[in-house]
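Just below is one structure, and these are the notes that go with it.
Values in this text are rule-based calculations from the coordinates and carry no lab data. Quick caveat: nothing in here was measured; it's all calculated off a predicted structure. Cβ coordinates were reconstructed from backbone atoms using ideal geometry, including for glycine residues, and neighbour counts include every protein chain displayed.
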Amino acid sequence: MTSVKKIVVLKGDYIGPEIMTAGLAVLEAATRNETFAYELIDAPFGGDGIDRAGDPLPQSTINIAKQADAVLLSAIGGPKWDNMSRRPEQGLLEIRSQLNLFANIRPTKVTSVQIDRSPLKPEYVKNTDFVIVRELTSGAYFGKPRKLEEHQAIDTIYYNEQEVTRIMHQGFKLAQKRHKHVTIVDKSNVLATSKFWRKIANEVGKNYPDVAIDYYYVDAMTMAIMSKPATFDVVITPNLFGDILSDEAAQITGSIGQIPSMSIGENGPNLYEPIHGSAPDIAGQGIANPISMVNTVAMMLIESFDEKRIAAKMIASVDYIIKNHYVTPDMGGVMTTDEVTQKMIAYIKKHE
Ligand code: ATP
Ligand code: MG
């Protein structure tokens with residue numbers, strides 16, 4: 001008997017629940033004739049956490065998440081909670097540190113069916129398929145001292161050996177499962193932490209002789225993502241640079257409403273979420289693009305549960321709706337979230 005996988009569902013705010021419902025409906029269709037057994041555990045979080053339990057990250061949610069096999073999260077926050085003393089976004093920072101999510105992984109893939117939506121010319125983006133591995137719990141966003149005074153301000157970039165070694169292993173292992181090519185991003189011509197980053201990359205790289213390594217300064221990398229995105233496989237970057245590069249990379253796919261991400265936990269569950277925000281501007285209209293959540297659920301199936309076949313069904317249904325232009329307004333279509341979802345479900349049922 002296979003064990004029942006526990007998935008904690010943090011349903012999100014504004015369009016968050018709209019796309020969560022869609023993603024879970026497609027999951028249900030894709031698992032209908034499979035032995036994969038899962039249990040969905042709803043827990044309050046973000047704005048929904050404030051509304052239902054008085055806090056963006058209630059202790060009960062932390063406890064449940066730590067016991068789970070995976071955490072599935074939809075976009076949180078929005079104007080409703082802007083004036084609260086503890087805002088939804090604080091819950092997000094706290095859950096990352098509570099689950100010790102040290103690496104954030106974002107794929108950038110431009111498939112042939114969506115190549116026309118890229119702002120770049122087709123010959124530039126053709127065959128683009130890379131993953132950014134961003135360090136998430138140290139570096140410029142966590143370094144101390146940090147001070148804001150009237151006439152001066154300080155931020156600190158800090159990395160220790162264990163933090164850099166850990167993220168490098170993560171990136172190299174991922175490359176072994178993909179196209180065996182790692183790109184190290186830093187600013188080692190200027191920054192001490194970047195020299196350190198590059199030195200450890202070299203050392204860790206020796207354990208992966210089958211993986212090719214190259215190096216980019218972050219400024220050159222911003223250009224290369226635009227001019228030759230198809231040449232990358234796994235890109236390993238410190239926290240601050242990764243924040244910037246991953247948004248740049250998202251843009252070349254043509255739609256923020258499609259992209260999943262995962263954050264890897266040190267000893268506990270991984271956390272999966274679409275990269276976009278809660279989009280209060282379109283919430284309640286039934287037009288949120290559910291593709292990001294369907295891709296997010298598929299990523300969870302592959303990475304946490306090794307259920308590649310079920311994930312492939314979901315991804316095929318995404319390709320199908322894009323190819324036939326059964327899409328929401330953000331992708332130039334006229335369909336509602338629910339119509340798109342039903343098209344995906346019908347496709348999956350028909351192809352079993
Ligand atoms: P954040 O504060 O995280 O930036 P946001 O709500 O501004 O959150 P973004 O991710 O920046 O959201 O998205 C910008 C805009 O893109 C949204 O306001 C919305 O119009 C559109 N958008 C984002 N995600 C989707 C989606 N899944 N479907 C349709 N439109 C989307
Ligand atoms: Mg925004």
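Amide H contacts of residue 143: 156, 158, each under 5 Å away and 5 or more positions distant or on a separate chain (H built 1.01 Å from N in the peptide plane; Pro and chain starts excluded). Beyond 25 Å in Cα-Cα separation lie the following of the pairs 6/109; 147/187; 109/144; 121/323; 126/199: 6/109; 109/144; 126/199. Label separation (residue 324 vs residue 90): 4.7 nm, computed from points 7 Å beyond Cα along the C-beta direction.
Ratio of Rg to Rh for segment 167-223, alpha carbon only, Kirkwood? Rounded to two decimals, Rg over Rh is 0.98. Stretching the chain fully between residue 179 and residue 281 yields a gain of 32.8 nm (0.36 nm per residue, less the alpha carbon separation).
Counting neighbouring Cβ atoms within 10 Å and putting the fewest first, the residues 87, 178, 134, 146 line up as 146, 178, 87, 134.
If the Kirkwood radius is taken over C-alpha pairs of segment 102-264, then at 20 °C and 1.002 mPa s the Stokes-Einstein diffusion coefficient equals 132 µm²/s. Here the chain is treated with +1 on each Lys and Arg Cβ and -1 on each Asp and Glu Cβ, and its dipole about the Cα centre works out to around 820 debye.
The distance between label points at residue 39 and residue 214 comes to 4.9 nm (points 7 Å beyond Cα on the Cα→Cβ vector). Scalar couplings 3J(HN,Hα) for segment 113-129, obtained by applying the Karplus form with A = 6.51, B = -1.76, C = 1.60 to θ = phi - 60°, are 6, 10, 4, 6, 8, 6, x, 8, 5, x, 5, 7, 8, 3, 6, 5, 7 Hz; x denotes Gly and Pro. Counting every other Cβ atom within 10 Å of each residue's Cβ, 199, 177 order from fewest to most as 177, 199. Out of 24, 75, 47, whose Cα points farthest toward the positive end of the dipole of the chain (charges: +1 Lys, Arg; -1 Asp, Glu; placed on Cβ)? It is 24, whose Cα lies furthest towards the positive end.
Which distance in Å, rounded to a whole number, links the C-alpha centroids of segment 320-344 and segment 1-29? Cα centres, segment 320-344 to segment 1-29: 19 Å. What is the diffusion coefficient of the chain in µm²/s, taking the Kirkwood radius over Cα pairs and the Stokes-Einstein relation at 20 °C with a viscosity of 1.002 mPa s? This corresponds to a translational diffusion coefficient of 102 µm²/s. Bridging of residue 5 to lysines at a Cα separation below 22 Å is possible for 66, 308, 313, once same-chain residues fewer than 8 apart are set aside. Pairwise alpha-carbon distances in segment 255-352 exceed 21 Å for 35% of all pairs. For the chain, the share of DSSP beta bridges that are antiparallel, to the nearest 5, is 40%. Using a cutoff of 8 angstrom between alpha carbon atoms and counting only pairs six or more residues apart, the relative contact order for segment 102-264 works out to 37 percent. Any idea what the relative contact order of segment 198-273 is, in percent, if you count C-alpha pairs under 8 Å spaced at least 6 apart? Relative contact order for segment 198-273 comes out at 17 percent. The modelled label-to-label distance for the pair residue 113/residue 80, using points 7 Å beyond Cα in the direction of Cβ, is 3.3 nm. Taking other Cβ atoms within 10 Å as a rough exposure proxy, 293, 314 sort from fewest to most as 314, 293. Rounded to the nearest Hz, the phi-derived 3J(HN,Hα) couplings of segment 228-234 under the Karplus curve 6.51 cos²θ - 1.76 cosθ + 1.60 (θ = phi - 60°) are 8, x, 6, 8, 9, 10, 10, where x marks glycine and proline. With coordinates expressed along the principal axes, the C-alpha atoms belonging to segment 1-111 extend over 47, 35, 28 Å, beginning with the largest. Relative contact order of segment 1-152: 22 percent, from C-alpha pairs under 8 Å at least 6 residues apart in sequence.
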